[in-house]
Amino acid sequence: MYIGEYKVLDIEYDELMGLASHYKSTYSSNSPFPNIYFDDFFNDAFLTEVLSEFPEMGGKEDIQYKTPNEVKLASRGESRFGKATKVFMHFLNSEPFLNFLSELTGIEDLLGDPYYEGGGCHQIKRGGFLKVHADFNKHKRTGLDRRLNVLVYLNKDWKEEYGGHFELWNADMTKGEKKILPLFNRMAMFSTTDFSYHGHPDKLNCPEDRSRRSLALYYYTNGRPAHEINEGLEDHTTLFVDRKGVETEKSMRVYNGIVNFANDWMPPVVWRTIKRMRNK
């Protein structure tokens with residue numbers, strides 16, 4: 001499948017939809033919540049060009065997270081996309097790909113996010129991490145409900161000992177049921193609910209000259225099933241949770257206790273200002 005001059009997929013639209021139909025039951029039945037990943041999904045040469053454009057992040061234009069919950073870097077909007085990356089990200093928000101996602105996941109009327117709120121280029125360097133969490137559930141501009149995450153990994157020659165596995169945890173946080181190594185041209189996806197706990201919780205152990213690189217896309221609908229909602233948290237930001245019995249989560253618990261206290265008692269305008277400054 002070509003988009004302009006670029007061959008994005010090695011298969012055509014009918015084959016793409018056939019792939020979705022073939023794997024839809026696998027997706028819905030996978031534990032601990034609906035998920036799947038595909039290897040060598042995109043045209044290798046094209047994705048290699050996308051990788052060549054991936055920025056070295058950490059400048060003023062990037063979002064820099066550094067808390068007990070997460071140490072990572074992320075882009076804003078399309079500001080860090082090169083030519084091929086922009087074509088790729090637009091394709092992942094296009095009608096053909098949205099149709100594929102809806103058929104595969106059973107989530108109808110999915111919408112992409114042209115603002116890439118929380119998505120786009122993600123980079124984690126040695127020592128970085130992203131603790132286990134459930135994602136924010138509403139798009140702050142549109143108010144739509146976040147339903148699906150798609151992650152495309154861009155790490156060639158990535159070794160098991162580097163870590164950086166994408167982990168999926170059960171609802172009571174006693175067990176990580178799936179670990180996915182972030183290999184080049186591996187696409188992972190999962191249904192986003194208030195109980196779909198996931199992350200990269202252990203510090204990255206790659207060489208200093210390597211980093212964990214990915215592209216993240218989130219998809220939305222207008223409304224969602226009641227069973228996906230944690231009652232009382234109908235509109236929430238990212239919910240970090242600690243792994244049961246893991247001592248390294250102690251600082252995270254203390255930090256989140258302070259954050260929750262401030263969120264409950266601090267005037268909203270002050271709290272929003274602090275959060276904006278923290279993410280600059």
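The values are calculated or read from the model by the stated rules, or taken from the named source; none is laboratory data. Since the structure is predicted, the reported quantities are computational estimates derived from the model, not experimental observations. We place every Cβ from the backbone using ideal geometry, glycine too, and count neighbours over all the protein chains shown.
Which of the residues spanning the range 69-111 are of a type in the set (Val, Ile, Thr) and in contact with a Lys or Arg (Cβ under 6 Å, 6 or more places away or on another chain)?
Within the range 69-111, ILE107 is the sole residue that qualifies.
Looking at LYS156, is it charged (D, E, K, R), modelled with pLDDT of 95 or more, touching a helix residue (DSSP H, G or I) at 6+ places or on another chain (Cβ under 8 Å) and surrounded by fewer than 19 Cβ atoms within 10 Å (Cβ to Cβ)?
When the stated conditions are applied, LYS156 passes them.
Residues to consider are GLU70, GLU49; find the one that is of a type in the set (Asp, Glu) and closer than 26 Å to GLU167 by Cβ.
GLU70
Scan the range 118-128 residue by residue and report those that are part of a strand (DSSP E or B) and either β-branched (Val, Ile, Thr) or on the phi > 0 side of the Ramachandran plot (or both).
Correct list: GLY120, ILE124.
Would you mention how many residues in the range 131-183 are of a type outside the set (Asp, Glu) and on the phi > 0 side of the Ramachandran plot?
Number satisfying all stated conditions: 4.
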